[in-house]
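The values are calculated or read from the model by the stated rules, or taken from the named source; none is laboratory data. A quick note: this is a predicted structure, and the numbers were derived from the prediction, not measured. Quick reminder, even Gly has a Cβ in these numbers, built from the backbone with ideal geometry, and neighbours come from all protein chains shown. For accessibility, only protein heavy atoms count, side chains too; no ligands or nucleic acids. Shrake-Rupley method; radii C 1.70, N 1.55, O 1.52, S 1.80 Å.
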Amino acid sequence: MPELPEVETMARDLHKRVRGRTVVGVTVHKPDVLRGATPRKLQRVLVGRRIVRVWRRAKLAVIDFDSGARVAVQPRFTGSFVVERSGRGADQYCTLHLALDDGRRLHYRDVRRLGTFQLFTPKEFEAYVSKLGPEPLEAGFTGDWLYELLQRSIRPVKPLIMDQHRLAGVGNIYASEALWRAKIDPSRSARTVSRKEAELLRDAIVSVLGESIELRGTTIRDYAEGAFADKLDAYNRAGEPCRRCGTRIVLTHAIDGRATYFCPRCQR
Ligand SMILES: [Zn+2]
């Protein structure tokens, strides 16, 4: 599932490819991915509008138009963008496309169609993102801030840092990785994390996300992109020796129903 580094990569790539282009047509094949608009409304709002920026907020790729309209794409499991000129590169998994004024098409492709393509006015967008937690790669994400967050909860630390309303962008892969780096047991009650450990966890979250963006993210199943998969220390390594202490990495679903990988010896 694309998390912050993967969506950041998708947004940066798309920005380079379509910024400045004007939408000349909208074709929707699978309306079930749409939110906030019917195909007709999407057409009415976007045709004639220029794309000014593609950027990321949390796990959303956001497309800004010159009218102030915004589209937020949440790729979830299998969503991705395809930009093509000739019809090659588009397939039955392309849910919709925006025809661009240079003859290319911007497709939203989604095999499982659990992702969404949501149209917002500026005001609706502000209301939507105001419910999300802060961005971990921005200056306000400090050890003290994280410590205060953890102190207020008795939930296990892992699902807490994955809660998009508390902290944006961290999902299952990078939560496991950051907790391994910080040597914190993912099942621990958040309130028991010390100020020093919170500082280590903050640094681990920032470093693991930053390093992954450098490598264009992680390649896990459908998200065929980056090279960070080779760098994972915990995630997807059940039964492999911990790179710090040699103990076998354990996989559990007992914490939050999701796959959690950790070292039972050096994560305390
Ligand atoms: Zn270990």
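Among 95, 78, 22, which is the only one that is open to solvent by less than 40 Å² (accessible area, probe 1.4 Å), polar (S, T, N, Q) and under 21 Å from residue 170 (Cα atoms)?
Numbers: 95 fails: under 21 Å from residue 170 (Cα atoms); 22 fails: under 21 Å from residue 170 (Cα atoms).
Criteria check complete, one pass: 78.
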- Going by the structure shown, is residue 124 open to solvent by 10 Å² or more (accessible area, probe 1.4 Å) and part of a helix (DSSP H, G or I)? yes
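Does residue 238 count as more than 16 Å from the ligand (Cβ to nearest atom), small (Gly, Ala, Ser), open to solvent by 30 Å² or more (accessible area, probe 1.4 Å) and within 23 Å of residue 6 (Cβ to Cβ)? So that I can check it myself, show each step before the final result.
Working: more than 16 Å from the ligand (Cβ to nearest atom): no; small (Gly, Ala, Ser): yes; open to solvent by 30 Å² or more (accessible area, probe 1.4 Å): yes; within 23 Å of residue 6 (Cβ to Cβ): yes.
So residue 238 fails the test.
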- For the stretch 127-146, indicate whether the set of residues that are within 20 Å of the chain's Cα centre (by Cα) and among the polar types (S, T, N, Q) is non-empty. yes
- Message: Quick check on this structure: which one of 258, 268, 248 is in contact (Cβ under 8 Å) with a residue 60 or more places away in the chain, basic (Lys, Arg) and either surrounded by 20 or more Cβ atoms within 10 Å (Cβ to Cβ) or within 16 Å of the ligand (Cβ to nearest atom) (or both)?
- Response: 268
